[in-house]
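Just so you know, all these numbers are worked out from the coordinates, no wet-lab data involved. This is a predicted model, so every value here is computed, not measured. Here Cβ is always computed from backbone atoms with ideal geometry, including for glycine, and neighbour counts include all displayed protein chains.
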Amino acid sequence: MRARVWVSVICAVMVAGVTAVAAGCSESRTMIGEDADGGSARVGVGQVLEVTLESNPTTGYSWQVAETPDFLTLEGPAAFISDAGPDVVGAGGSEIFRFTVSGAGTGTLRLEYLRPWEDAPPTDVYEVEITAK
């Protein structure tokens, strides 16, 4: 009797683990980059919107979120991936922003490339109209 209970518990844990792994793998993403600048993008509610832009933070410049539609939620700070690898100081690369799409709507996503501490206009602007359904 005890062996059956343990087998049932182990099977339930295994099924729950497989379900959790499958759920984690089912996340769908929409990825956009420099080519979407000035254009539009469509995303689905519940998806993750990933924006990848060239950057070189060692110069002091970085992309800053200036405007975002209400239905997009920024998921933490941007990640930086170096083109030259982690051991090369001063190399450029890409900043990656991840937004969760929480509802339907249409709005503008605007990012500005600037030195956050300077009182100067951005050196570059990235703007995309996002439609979520």
Query raised in the report: Nearest 0.05, what FRET efficiency do THR100 and ASP35 give at R0 = 30 Å with Cβ-Cβ as r?
Result: 0.85
Query - Most to least packed among 113-120, 98-105, 50-57 [average Cβ atoms within 10 Å] - result: 50-57, 98-105, 113-120
Report summary line: Expected vector for segment 56-73, Karplus 3J(HN,Hα) from phi with 6.51, -1.76, 1.60 and θ = phi - 60°, integer Hz, x for Gly and Pro, equals 9, x, 5, 7, x, 8, 8, 7, 10, 6, 9, 8, 9, x, 4, 8, 10, 10
